[in-house]
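In what follows, a single structure is set out as structure tokens and then discussed.
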Amino acid sequence: MIPQTDIKINKLKDGLYVVSTPIGNLGDITLRAIDVLKQSEYILCEDTRVSKNLLEKYKIKSKLISNHKFNETKNLNKIIQILKSNTIVSIISDAGTPSISDPGSILINECVKNKIDIFPIPGASAVTAAVSISGFSEKYYFYGFFPEKNKDLNKDLAILSKLNCSIVFFIPPKKINKTIDPIKNFFPGRKILICREISKFYEEYTRTSVNDLNNYFKPPKGELTVVISEGEINKDIEKKLSTVDKNKIKKMIQTSSIKDIVNLVSKEKEISKKDIYNFCLKIKNEK
């Protein structure tokens, strides 16, 4: 008779567990995440219908509590009381990690106030997955979803355009065409990677330059993770333009359009219009 090996389940501490779930392929979940979810008395989730697909696959029978952006504030007191009763509670989102462009931060901050332990259970990430295959700088800034108002968007993009690192955005498919012009205006000359349905059956990756972006004839299906490359420092234009030229452009940009400046300077100097345009844009964004 072969003796059986004792299987010990790690006893979890009471508290809130922020559990990362697959961003597409249900196989992209860690063994630890499954263990934590099985030991949780309650699991907070965005859409119970979506979460049940994952939980049924891994035979997780913990109680579900619907917790999305429209009711997370209303749920707060109830969940805090549950956590104070020495209970293990997990929070998950439909895909990825809670509180990262998903509900969760309100509850986490309340747990901090009430000195309730919080534990991260890492896993799949659309952000790092996209950056890892981009070929761009490993230094990156994650922005998340674009704001609704164009005024806020332009203000943020003007700041982001000054960062010399990769920049990652989440863009819903219905809004991609509205974001193309702002991206072209603030990130000319950069490379871009558009990831659709990462890790799913119909995953798709489009690599092109920002300058060559065109509107989609039909909105693509599935969430989009977009990575814009770091800016290329064009030292040639700095050398070709004298200090007098630079000062002249800085003065002109206050009263003239970039188009007029480009046409005027290109006639006086043997410099491409594209280089002059990029220099003008750099000066404008520095304001």
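The set of residues from the range 211-233 being over 21 Å from the mean Cα position of the chain (by Cα), outside any loop (DSSP other than H, G, I, E, B) and in contact (Cβ under 8 Å) with a residue 40 or more places away in the chain is empty. Looking only at the range 152-183, count how many residues are surrounded by fewer than 18 Cβ atoms within 10 Å (Cβ to Cβ) and in contact (Cβ under 8 Å) with a residue 12 or more places away in the chain. Residues meeting the conditions: 16. Scanning the range 258-272 for residues that are loosely packed, with under 14 Cβ neighbours inside 10 Å and charged (D, E, K, R) turns up K259, D260, K267, E268, E270. Entry remark, the range 51-96: residues being assigned to a loop (DSSP other than H, G, I, E, B), within 19 Å of I121 (Cα to Cα) and among the hydroxyl-bearing types (S, T, Y) number 4 in total. Count of the range 67-86 residues, restricted to those that are touching a strand residue (DSSP E or B) at 6+ places or on another chain (Cβ under 7 Å) and either over 13 Å from I106 (Cα atoms) or among the acidic types (D, E) (or both), is 2. Screening P103 on (1) of a type outside the set (K, R); (2) without any contact (Cβ under 8 Å) to a residue 24 or more places away in the chain; (3) in a loop (DSSP other than H, G, I, E, B) shows it passes everything except condition (2).
Of the residues making up the range 33-50, not a single one is surrounded by 15 or more Cβ atoms within 10 Å (Cβ to Cβ) and at positive phi.
V112 - would you say it is surrounded by 17 or more Cβ atoms within 10 Å (Cβ to Cβ), at negative phi and part of a helix (DSSP H, G or I)? In short, no. Put simply, of I118, I60 the only residue that is crowded, with 20+ Cβ neighbours inside 10 Å, under 25 Å from D14 (Cβ atoms) and over 19 Å from the mean Cα position of the chain (by Cα) is I60. Of all residue pairs spaced 6 or more apart or on separate chains, those with beta-carbon atoms under 6 Å, a first member in the range 57-70 that is under 11 Å from S90 (Cβ atoms) and free of Cβ contacts under 8 Å to residues at least 40 places away in the same chain and a second member that is surrounded by 11 or more Cβ atoms within 10 Å (Cβ to Cβ) and of a type in the set (A, V, I, L, M) are I60/L37; S62/I43; L64/I43; I65/L44.
For first residues located in the range 79-98 and on the phi > 0 side of the Ramachandran plot, partners that are acidic (D, E) and assigned to a loop (DSSP other than H, G, I, E, B) and lie 6+ apart or on another chain with Cβ distances below 9 Å form the pairs N86/D14; G96/D102.
Here D94, D152 are screened, and the one residue that is closer than 20 Å to T48 by Cα, charged (D, E, K, R) and out of contact with any His (no Cβ under 6 Å at 6 or more places or on another chain) is D94.
A quick yes/no check of all residues on (1) part of a helix (DSSP H, G or I); (2) among the polar types (S, T, N, Q); (3) farther than 15 Å from E223 by Cα; (4) modelled with pLDDT of 95 or more:
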| position | (1), (2), (3), (4) |
| --- | --- |
| F136 | no, no, yes, yes |
| L163 | no, no, yes, no |
| C195 | no, no, no, yes |
| Y202 | no, no, no, no |
| Y205 | no, no, no, yes |
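The values are calculated or read from the model by the stated rules, or taken from the named source; none is laboratory data. Everything numeric here is computed off the predicted structure, so don't read it as measured data. Virtual Cβ from ideal backbone geometry, glycine too; neighbours counted across all protein chains shown.
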